[in-house]
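Trainee: Here's a structure for you.
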Amino acid sequence: MENFTYWVPTKVYFGKDTHKQVGTVIKEYGFSKIMIHYGGGSVQKTGLLDQVTQSLRDSGIEYVLFGGVRPNPVLSLAKEGMDLCRREKVEFILAVGGGSVIDSAKCIADGVLNPDMDPWKFFTKEAVPEKALPHGNILTLAASGSETSQSCVITNEDGGWKKGFNSPTHRPLFAICNPELTFTVNRFQTGCGTVDIMMHTLERYLGGKGKNTPLTDRIGEDLLKTVMEAGAVADKKPEDYEARASLMWAGSLSHNDLTGLGRAYVMQVHQLEHELSGMFPSVAHGAGLSALFCTWARYVYRWDVPRFAQLAVRVFHVDMDFENPEATALEGIRRLEAFFESLSMPVRLSQLDAGIKKEDGAVLAEKCSQGGTRVLEGIYLLGKKEMEQIYLLAY
């Protein structure tokens, strides 16, 4: 087991109608003027934005509105938000939405108090935000886990670069998680969310060193089984509260570091996907992950057959073949792929409706490897050549 530090300071308000408490929650922290950050029209169409603003008015809290976040949030919009916060002397940012909105809010929070710094330098690891505006969120999509995590991912349209970094400044003060707010999420986005939640644990489980982690393994395995069960129900019954609740809670736990404690890991598939949706913004993150993951797994499994076989037996109920453990590992990958397909998730890059061509694999590998200077560590090192092979095999 590797050394670790586990710190998740975000306070979670979970359950029905919890979003109606937001004014009281923010007032308890002492903030008097906030910015509400959100995406497109869904929070307005469902009446959620009206409920949030009413709660704020009831608590005597001033607010300014800033919408427009789209999937794969962009740096240019975040910069507009930074300027707005400074002009309006905003004390706190409330993100109302899914992971894209929350990540955009985190980027804004980092930038507001560092006006002389190009915020993109945080993502290129040239600088570190030592301070940030406090922020919290009302979650409307179970997927990214950004509501309690220390990660933030942003796309820079100048070059189509999509990058993320971890920072203590990204931990929200609170997360309000009402599963009812996800009832209106469509089937495709529900499937994308289910995939994303699973990938956050699968990449920790399979992607690094630190083998003597039995408790962490069991937590991750049961989370994966719960997500598959709940995801299958939500796929058919979108207003099943218990299924939506399981997905929402699993999303937070899967990406707040719990399912990777004691393991040193690099999320190789996430890195490969970031280049994909950075270059092709119409690709939903979860769909990009499902299109890449099983190809990646078949490419690297030979370097840790016991680990992949353990996953197959414990999560996908494969009978262990002691004479041929590779067959067990491969059957587990096949069953995972079949689960993705049951949710109508793509399992090939060619199934993504984004204009991706096979020859784009070379460009994606060039970008992901930063011109051949970057290697992704894991159970098998991925350099530029290996990255390109995975992109091509996934097509």
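The values are calculated or read from the model by the stated rules, or taken from the named source; none is laboratory data. Please read all numbers here as calculations on a predicted model, not as lab measurements. Positions of Cβ are generated from backbone atoms using ideal geometry, with glycine treated the same way; all protein chains shown enter the neighbour counts. Calculation scope for accessible area: heavy atoms of the full protein, side chains included, ligands and nucleic acids excluded. Shrake-Rupley method; radii C 1.70, N 1.55, O 1.52, S 1.80 Å.
Trainee: Kindly indicate whether Ala287 is over 30 Å from Val74 (Cβ atoms) and among the small types (Gly, Ala, Ser).
Mentor: Answer is no for this residue.
Trainee: Can you spot a residue in segment 314-326 that is open to solvent by 10 Å² or more (accessible area, probe 1.4 Å) and on the phi > 0 side of the Ramachandran plot?
Mentor: Within segment 314-326, one or more residues are open to solvent by 10 Å² or more (accessible area, probe 1.4 Å) and on the phi > 0 side of the Ramachandran plot.
Trainee: Go through segment 304-338 residue by residue and tally those that are over 16 Å from Leu206 (Cβ atoms), assigned to a helix (DSSP H, G or I) and of a type outside the set (A, V, I, L, M).
Mentor: 0
Trainee: Also, quick follow-up: Between a first residue in segment 174-187 that is within 15 Å of Gln51 (Cβ to Cβ) and a second residue that is part of a loop (DSSP other than H, G, I, E, B), which pairs have beta carbons less than 7 Å apart while being 6 or more apart in sequence or on different chains?
Mentor: Asn178/Gly15; Asn178/Lys16; Asn178/Asp17; Glu180/Lys16; Leu181/Thr140; Phe183/Pro238; Phe183/Glu239; Thr184/Thr46
Trainee: What single numbered condition from (1) open to solvent by less than 70 Å² (accessible area, probe 1.4 Å); (2) within 23 Å of Ser282 (Cα to Cα); (3) hydrophobic (A, V, I, L, M, F, W, C) fails to hold for Leu382?
Mentor: For Leu382, the failing item is (2).
Trainee: A follow-up question, please. So Pro238 fits all but one of (1) assigned to a helix (DSSP H, G or I); (2) closer than 25 Å to Ser344 by Cβ; what number is the exception?
Mentor: Tallying (1) assigned to a helix (DSSP H, G or I); (2) closer than 25 Å to Ser344 by Cβ, Pro238 fails exactly one: (1).
Trainee: All but one of (1) at pLDDT 95 or above; (2) more than 21 Å from Ser146 (Cα to Cα); (3) out of contact with any Pro (no Cβ under 9 Å at 6 or more places or on another chain); (4) open to solvent by 60 Å² or more (accessible area, probe 1.4 Å) hold for Gln21, so report the exception by its number.
Mentor: Exception for Gln21: condition (2).
Yes/no matrix, rows are residues, columns are (1) touching a Pro at 6+ places or on another chain (Cβ under 9 Å); (2) of a type outside the set (A, V, I, L, M, F, W, C):
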residue	(1), (2)
Ala234	no, no
Ala245	yes, no
Arg263	no, yes
Met267	no, no
His274	no, yes
Met279	no, no
Ser282	yes, yes
Gly286	no, yes
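Trainee: Of these, Arg70, Arg57, which one is among the basic types (Lys, Arg) and assigned to a loop (DSSP other than H, G, I, E, B)?
Mentor: Arg70
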